[in-house]
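The values are calculated or read from the model by the stated rules, or taken from the named source; none is laboratory data. None of the values given here were measured: they were computed from a predicted structure. Using ideal geometry, Cβ is built from the backbone for each residue, glycine included, and neighbour counts are taken over all protein chains shown. Just the protein is used for accessible areas: all its heavy atoms, side chains included, with ligands, DNA and RNA removed. Shrake-Rupley method; radii C 1.70, N 1.55, O 1.52, S 1.80 Å.
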Amino acid sequence: MGHHADYSEFSAQHDKKELLQQVVDSYKNLSEGQTNWVCNLANCSSLLWHCYNEGLSKRVNWAGFYVLDPESQDQLILGPFMGKVACQTIKIGRGVCGTAASTQKTQLVEDVEKFPGHIACDGETKSEIVVPIVAEGRVVGVLDIDCLELNGFDKDDQNYLESLCQAIGETCSWKN
Ligand code: SME
């Protein structure tokens, strides 16, 4: 690995499981000795963006994070991401992100039109996956990935993204 940017290389020659494992491994390498969540989630957003758009040729239009708002614990606030400008705050229990946070369960949404209360930050989004990030038993944020196609994500995505979010929960300091 010559430069940090080399971590963003995801070769279309690899299969889906290998590419998703590469995201998890790269995240773990990059977060070694680094507990700042802004720093770690910023690089993680880049890993996910390049993995899906280049490695997997999946039309992902948003990949990033909402974290618990330190000013108001009943809502999530926008964190590091790749993609277009997005909603700034989401109430816990509202939308796909708020539901993942309130239930502590991954939301795999094949068609956003069919998810009651889905919050459309971008009208182009067709499907979405949101994975809660839990640290010491409480939700500290969520990972959200949006796709321009229906059925953009499946159980393999869910499994690897849950491993990733577990690593995120363990590696970052969530004090602020
Ligand atoms: N669709 C999400 C809102 C976040 S944006 O997609 C980036 C939701 O319903 O919670």
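Data table
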read-out	value
Pairs where the first residue, in segment 97-108, is near the ligand (Cβ under 8 Å from one of its atoms) and the second is of a type in the set (Gly, Ala, Ser) and open to solvent by 30 Å² or more (accessible area, probe 1.4 Å), C-beta under 7 Å, 6+ apart	THR99/GLY93
Yes/no for GLU113 being among the acidic types (Asp, Glu) and over 25 Å from THR35 (Cβ atoms)	yes
Test: residue in segment 35-50 that is polar (S, T, N, Q), more than 24 Å from PHE153 (Cα to Cα) and out of contact with any strand residue (DSSP E or B) (no Cβ under 8 Å at 6 or more places or on another chain)	no
Filtered residue count, segment 118-134, keeping only those that are more than 7 Å from the ligand (Cβ to nearest atom) and either aliphatic (A, V, I, L, M) or open to solvent by 50 Å² or more (accessible area, probe 1.4 Å) (or both)	7
Single residue of segment 1-42 satisfying the filter (surrounded by fewer than 21 Cβ atoms within 10 Å (Cβ to Cβ) and among the small types (Gly, Ala, Ser)) that is modelled with the highest pLDDT	ALA42
Residues (at pLDDT 95 or above and farther than 16 Å from CYS51 by Cβ) located in segment 150-174	LEU150, ASN151, LYS155, GLN166, GLY169, GLU170, THR171, CYS172, SER173
Residue check for GLU124: out of contact with any helix residue (DSSP H, G or I) (no Cβ under 8 Å at 6 or more places or on another chain), at pLDDT below 95 and closer than 27 Å to GLU54 by Cβ	yes
Test: SER45 is of a type in the set (S, T, N, Q), modelled with pLDDT of 95 or more and surrounded by 18 or more Cβ atoms within 10 Å (Cβ to Cβ)	yes
Residue, nearest to VAL131 (Cα to Cα), within segment 61-81, restricted to residues that are assigned to a strand (DSSP E or B) and more than 11 Å from the ligand (Cβ to nearest atom)	VAL67
Hits in segment 82-103 (condition: touching a Ser or Thr at 6+ places or on another chain (Cβ under 7 Å) and either open to solvent by less than 10 Å² (accessible area, probe 1.4 Å) or assigned to a strand (DSSP E or B) (or both))	MET82, ALA100
